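**Student:** Just passing along the structure, written as structure tokens.
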Amino acid sequence: MSKRQLAMVMDLNKCIGCQTCTVACKTQWTNRNGREYMYWNNVETYPGTGYPKNWMELGGGFDAAGDLQPGIIPNLEADYGVPWDYNYDSLTTTGLLDNSGAAGFHPHVSPTWGPNWDEDQGAGAFPQDNYFFYLPRICNHCTNPGCLSACPRDAIFKREEDGVVLVDLDRCQGYRYCIAGCPYKKIYFNPKISKSEKCILCFPRIEQGLPPACAQQCVGRIRFVGFLDDEESQVYKLVHKYKVALGLRSDYGTQPNVYYIPPTESPAKFDAEGKIIEGSTRLPIEELEKLFGPAVHDSIKTLKAEMKKRKETGISELMDLLIAYQHSDMFRLDNNYYQQVAKENKRNPLAPVDTRYIAGKFTKAGGHH
């Protein structure tokens with residue numbers, strides 16, 4: 001058990017599916033050979049097939065008795081899709097007006113599958129009852145990681161100071177049991193180095209008081225990052241005080257530390273004549289129960305009650321938290337804590353490269369940025 005646990009909360013009511021978080025992660029961490037198909041952060045359309053394909057059906061995690069369940073390792077071509085590039089270089093020598101048929105962008109392979117292949121499709125019949133929402137996913141840095149339990153080399157470990165789950169590449173032999181053991185399929189195999197790699201929760205940034213790249217770049221301000229034992233943090237209040245942030249597929253038994261505010265609103269359905277069906281909603285509660293468990297009922301009830309309270313009285317701490325007036329208020333990363341850890345371990349802590357977020361916890365509530 002780690003001394004402390006870093007966690008992230010994502011508000012699905014604010015995610016617009018722009019993929020800025022995906023690009024921020026991709027350009028910062030997964031830009032070397034062998035990582036072309038890796039998306040440590042991705043935003044899926046739900047309901048949808050997901051990435052890798054049908055990841056919720058590939059096993060892993062633990063049963064009710066705490067035993068590790070068998071899992072399937074996704075196939076690179078069929079389940080992830082072979083990454084492709086376009087003929088940028090050849091365009092400089094291609095005659096664009098010679099009617100040869102060669103002009104234009106062409107992939108170097110025939111794409112068969114990839115991330116967001118079914119983006120914005122969702123479910124239902126347009127325009128009567130179609131629906132979807134966006135589901136961002138990263139490694140959950142679980143308290144009881146299936147990947148760690150599955151690794152026979154002890155190559156996966158949780159950092160004692162903050163619970164971040166990492167891969168020791170010196171110990172990893174590329175057996176890929178970790179991929180089978182992770183029910184979220186957020187570990188990837190690098191065929192160039194024959195090692196497994198995964199989201200590191202941007203710990204080099206965290207240690208300097210900076211939020212993860214996906215959180216800092218998020219244009220919808222949906223991501224909150226902090227320690228679960230910090231009672232003044234937004235993460236603590238959303239998870240423990242108001243209990244509106246829920247783990248994704250907690251039934252897998254891994255105790256995920258990435259939490260979600262479930263979507264609360266959706267348009268009404270239309271009947272065969274195009275008229276609104278009063279009291280109806282397009283988003284089936286059964287889908288939300290599948291993702292977030294039975295606690296989703298109380299979460300939505302609390303969220304709607306606080307929205308009503310805010311509308312009637314103008315006062316709601318929960319709504320102020322979720323609105324996120326100040327970007328810096330969303331991240332309580334306790335830079336001094338990491339400096340103290342470094343001192344205790346006789347390491348020289350690096351000076352913070354940016355002090356904007358260290359001061360975030362001192363900003364006044366309700367201010368505007």
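**Student:** How far, in nm, would the chain grow between Asn75 and Ala272 when pulled straight, counting 0.36 nm per residue and subtracting the alpha carbon separation?
**Tutor:** Length difference between fully extended and current span is 66.7 nm.
**Student:** Taking the Cα centre of the range 106-251 as the origin, how large is its charge dipole in debye, to the nearest 20, when only Lys and Arg (+1) and Asp and Glu (-1) carry charge on their Cβ atoms?
**Tutor:** For this selection, approximately 300 debye.
**Student:** Separate question: How do Trp40, Trp29, Trp117, Trp84 rank by accessible surface area computed with a 1.4 Å probe, from largest to smallest?
**Tutor:** Trp117, Trp84, Trp29, Trp40
**Student:** Pull out the extension gain between Ser90 and Asp120, defined as 0.36 nm times the separation in residues minus the alpha carbon to alpha carbon distance; nm, one decimal.
**Tutor:** Here the segment from Ser90 to Asp120 would lengthen by 7.6 nm.
**Student:** In nm², what is the average projected area of the convex hull enclosing the Cα atoms of the range 192-311?
**Tutor:** If you wrap the Cα atoms of the range 192-311 in a convex hull and average its projections, you get 12.4 nm².
**Student:** Taking the alpha-carbon set of the range 196-266, what are its Rg and Dmax in Å?
**Tutor:** Expressed in Å, the Cα Rg and Dmax of the range 196-266 come to 13.4, 40.
**Student:** Report the charge-dipole magnitude of the chain in Debye, nearest 20, computed about the Cα centre from +1 at each Lys and Arg Cβ and -1 at each Asp and Glu Cβ.
**Tutor:** 1020
**Student:** Protein chains only, probe 1.4 Å: how do Phe270, Phe126 rank by accessible area, largest first?
**Tutor:** Ranking Phe270, Phe126 by accessible area, largest first, yields Phe126, Phe270.
**Student:** Same structure, new question: Quote the accessible area belonging to Thr302 in square angstrom, nearest 10, computed with a 1.4 Å probe and with ligands, DNA and RNA left uncounted.
**Tutor:** 40
**Student:** Right, something else. On alpha-carbon atoms, Rg over Rh for the chain using Kirkwood Rh?
**Tutor:** Looking at the chain, the ratio lands at 0.99.
**Student:** Ile179 accessible area, nearest 10 Å², 1.4 Å probe?
**Tutor:** In the full protein context, Ile179 sits at about 0 Å².
**Student:** Report the calculated FRET efficiency for Glu317 and Ala295 (r = Cβ-Cβ distance, R0 = 30 Å), to the nearest 0.05.
**Tutor:** Result of the calculation: an efficiency of 0.90.
**Student:** Determine the shape class of the range 126-247: with a ≥ b ≥ c the square roots of the Cα gyration tensor eigenvalues, call it rounded for a/c under 1.5, and otherwise prolate if a/b is greater than b/c, oblate otherwise.
**Tutor:** The shape class here is oblate.
**Student:** I've got another one for you. Calculate the length of the line joining the C-alpha centroid of the range 308-346 to that of the range 134-207, in whole Å.
**Tutor:** Here the answer is 27 Å between Cα centres.
**Student:** Rounded to the nearest 10 Å², what accessible area does Ser110 have for a 1.4 Å probe in the complete protein model?
**Tutor:** So the heavy atoms of Ser110 present about 100 Å² to solvent.
**Student:** Relative contact order, percent, of the chain when contacts are C-alpha pairs under 8 Å separated by at least 6 residues?
**Tutor:** 21
**Student:** On to the next question. Would you be so kind as to identify which of Pro111, Pro152, His141 lies farthest towards the positive end of the dipole of the range 105-158, taking Lys and Arg as +1 and Asp and Glu as -1 on Cβ and the Cα centre as origin?
**Tutor:** Pro152
**Student:** Classify the range 6-87 as rounded, prolate or oblate from the Cα gyration tensor: take a ≥ b ≥ c as the square roots of its eigenvalues, call it rounded if a/c is under 1.5, otherwise prolate when a/b beats b/c and oblate if not.
**Tutor:** oblate
**Student:** Placing +1 on the Cβ of each Lys and Arg and -1 on the Cβ of each Asp and Glu in the chain, which of Val239, Pro70, Asn335 has its Cα farthest towards the positive end of the resulting dipole?
**Tutor:** Toward the positive end, the furthest listed residue is Asn335.
**Student:** Ignoring ligands, DNA and RNA, please state the percent of accessible area on the range 251-323 from carbon and sulfur, probe 1.4 Å. Intermediate values should be presented prior to the final figure.
**Tutor:** Working: 2310 of 4160 Å².
Carbon with sulfur: 56 percent of the solvent-accessible area.
**Student:** A further question on this structure: Would you work out which of Val165, Pro256, Ile179 lies farthest towards the positive end of the dipole of the chain, given +1 charges on the beta-carbon of Lys and Arg and -1 on that of Asp and Glu, about the Cα centre?
**Tutor:** Of the listed residues, the answer is Val165.
The values are calculated or read from the model by the stated rules, or taken from the named source; none is laboratory data. This is a predicted model, so every value here is computed, not measured. For neighbour counting, all protein chains shown are included, and Cβ atoms are generated from backbone atoms with ideal geometry for every residue, glycine included. For the accessible areas, the whole protein counts, side chains as well, though only heavy atoms, and no ligand, DNA or RNA atoms are used. Shrake-Rupley method; radii C 1.70, N 1.55, O 1.52, S 1.80 Å.
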